[in-house]
1. Please report the spacing between the Cα centers of region A:361-423 and region B:100-136 in Å, no decimals.
2. First select every other residue whose beta carbon is under 13 angstrom from the beta carbon of residue A:406; then total the charges, Lys and Arg +1, Asp and Glu -1.
3. Connecting C-alpha atoms closer than 10 Å in a GNM of chain A, tell me which of A:372, A:344, A:200 has the biggest fluctuation.
4. In a solvent-free Debye calculation with one equal scatterer on each Cα, what is log10 I(q)/I(0) for region A:159-200 at q = 0.16, 0.19, 0.32, 0.35 Å⁻¹, listed in the order of the q values?
5. Obtain the nm distance between the two label points defined at residue B:116 and residue B:267 by a simple spin-label model: each point lies 7 Å from its Cα along the Cα-to-C-beta direction.
6. So, how do all the Cα-to-Cα distances of region A:275-423 break down into 5 Å bins, in percent, from 0 on up?
7. Output needed: percent of Cα pairs per 10 Å distance bin for the protein assembly as shown, bins running from 0 to the one holding the longest distance.
8. Please name whichever of B:145, B:74, B:192 sits farthest to the positive end of the charge dipole of chain B, dipole taken about the Cα centre and charges placed at Cβ: Lys and Arg +1, Asp and Glu -1.
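The values are calculated or read from the model by the stated rules, or taken from the named source; none is laboratory data. Here the structure is a predicted model, which is why all the values come from computation and not from measurement. All Cβ positions, glycine included, derive from the backbone under ideal geometry; neighbour counts span all protein chains shown. With ligands, DNA and RNA removed, areas are computed over all heavy atoms of the protein, side chains included. Shrake-Rupley method; radii C 1.70, N 1.55, O 1.52, S 1.80 Å.
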Amino acid sequence: MLGRVIFLSFAFFIVHALPLTPYPLRALADDLSLHGFLQANYSARLTGLQPPTSEGGDFLFGEERFQLRLDKSGEKGRLFIRTDFFHDAIANRPDLEVREAYVDTSMGGSDVRVGRQLLIWGTGDYLFINDIFAKDWGAFFSGRPVEYLRVPQDAAKLDLSAGWISAEIVAMPFFQADKLPSRDRFYQFDPFPGVARSTQQPAMEFQNTELAARVYGTTWGFDTALYLYRGFFHMPGLEADRMIAPTQIAERFPRLAVYGASTRGNALGGVVSTEVGYYDSLADHAGRDPIIPNSSFRYLAGYQRQLWEDFTLGLQYYGEIMMQYDVYRASAPSGFPVQDQHRQLMTLRLTQLFWNQTLRVGLFAFYSPTDQDYYLIPEIRYSISDNLWVSATGNIFGGRRTTTFFGQFGANDNLAVTVRYEF
Amino acid sequence: MMERVLLVVLAVIVVAQEGGQAPLRGASPLEDAASLVRQSQEAFHRAGTDLKARVKMTLLTKEGQQRLRDLMMLRKNEAGGNQRYFLYFHGPADVRGTVLMVYKYPNQEDDRWLFIPALNLVQRVAARDSRSSFVGSDFSYEDISGRDVEADTHTVLRTEALGSRQTVVIESVPTREADYAKKLSWIDQVTFLPLKEEYYDVQGALYKAFTADEIRDVQGLPTITKRTMTNVKTGHKTEVVFESVAYNVGLGDDIFTERTLRRPPEKWLK
């Protein structure tokens, strides 16, 4: 508690000391902007269950956070640094996270961005096909602000433009896996309970640099893009040292290439979007290796529309069709849950704004008719003033089985509360 | 030249109205009203070839609580009555760096993109101009960028002096979706700018009122630099000040692209 008070006092002092910066510094700061926020964010499990782990308790998440954004722009380029200082109340330790730190330069029709950055592609709303950049599902499932779903990536990005067509080429030399909910904090399905795990990330070698490219443009009002990716699956495959009574599990990230396309634009009185992608499992085209995911074709169709003032409806339908399904079924270890050949998922988003858009009440719902599981995210957010907002977000999981993607988290229903002061 | 012709037309209308005479040869009064509205839209929403202005909106509740929306507006006229808008938000803090880009088309739904800097995300926005408030203010998107002239039936009601200025009062009744059942506009006979507007609901009650509070000459173009929209029913109002307005600054097409959304052009935003 004392640590928390000291942390917030320190952060508050910094924020309010800023306008007192001596004159020469402020002159220097002409093109320098310094902003950020102070935030408290807690998430409590509603099921009354406590995982018997070192970090297991009623709280899934709890922290106080201070973000500082430094933005220096000049004739030749721009430097941007977004750093979060925080106190993790569950593990009870202070920490620091550099969320973004990059340099931008421009040369004629091309821009270069080098450093840690957030990358988002595709048309999906919480559903991703060609957006292969790493996600933090633990942050998302515990109701943290949505920007923390994104794991920053150390990358070099080249932007090219010629007339109405543009391209982005990204090289990511350091592999970044998806961050899955921590086993210390979340109840979840474990096919190998109690067995020691090790993670074997792709080695830091030139040949393992992930490459992603997007060519895009807007024609007849439709934003259309083609995507290419060569790298690795971001969710691990589990390899046991032996199938019967294993003693060691290795988490591996098999090679992957993705080829895809998307388009979106005004139609049917709203915005319509479609996206497709082929996940080419490079290390196991035949689908014989049960550790390596099979190749799959993925599609997404979305529609959003404003039905009345300040009320928006969003609908999506998503599917994954597994290739070589017969081989997959034949090679799947017995006793393990098997995936459907055509996994489907639909989402619904409802958003209503009140009081001159200062109060937002929303619901996001995932439902899978094939997995028969769901995930509901009700949310309410109020802007108390231009600088201060508070929100409450629920995360409700469930399903027929505890082995499906959402169904496994059923014991982790939680309510998250966030307060943020921006400056 | 066009303005002068319209002034003459206007003068004739005024005479025709006052004298209770028959409409002009070759043009019904209805068409005259529509062309007057068109001229007003040109002066209000399409002046110059392009525009750069720092826009400061103050949202005021009846209780006196204030919220600010501080943005840079870049606007460019295109062929065929199309327009492009690039709106960069300097404040408030929780939307700083957000950009709204709009491709506005006559008689067709606009294309709208939103860039959210905390996510480095470009979204398409589904929203209907007539029915959506602009960033929580009392102005709708249409109030900000103009409504299709063809979307209403316009009638000249009378001429009227508003302070020292002579105006034509026009009644507009929507033929397409609108958030009003009737609108009255007081259009300045010299500048064609709307000096006052009143919005009535289906019960015939006044619910929203617009006033042009300050008009300045900017590069020879009369410009409303202060305006207020009041929601008469809730008492909420929005005051808008246009600062450092500049016309014909030479905005290129490259500004109004997804690439620029993700990397807003520094030199235009100060």
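1. If we compute the Cα centre of each part, the gap is 26 Å.
2. Result for the local shell: 0.
3. Maximum among the listed residues: A:200.
4. After summing over all Cα pairs, the log10 values are -0.66, -0.77, -1.21, -1.27.
5. In this crude label model, residue B:116 to residue B:267 measures out at 3.2 nm.
6. P(r) over region A:275-423, rounded to whole percents: 2, 9, 13, 14, 15, 14, 11, 8, 6, 5, 3, 1.
7. Taking every Cα pair in the protein assembly as shown, the percentages come to 3, 13, 22, 24, 18, 11, 6, 3, 1, 0, 0.
8. B:74
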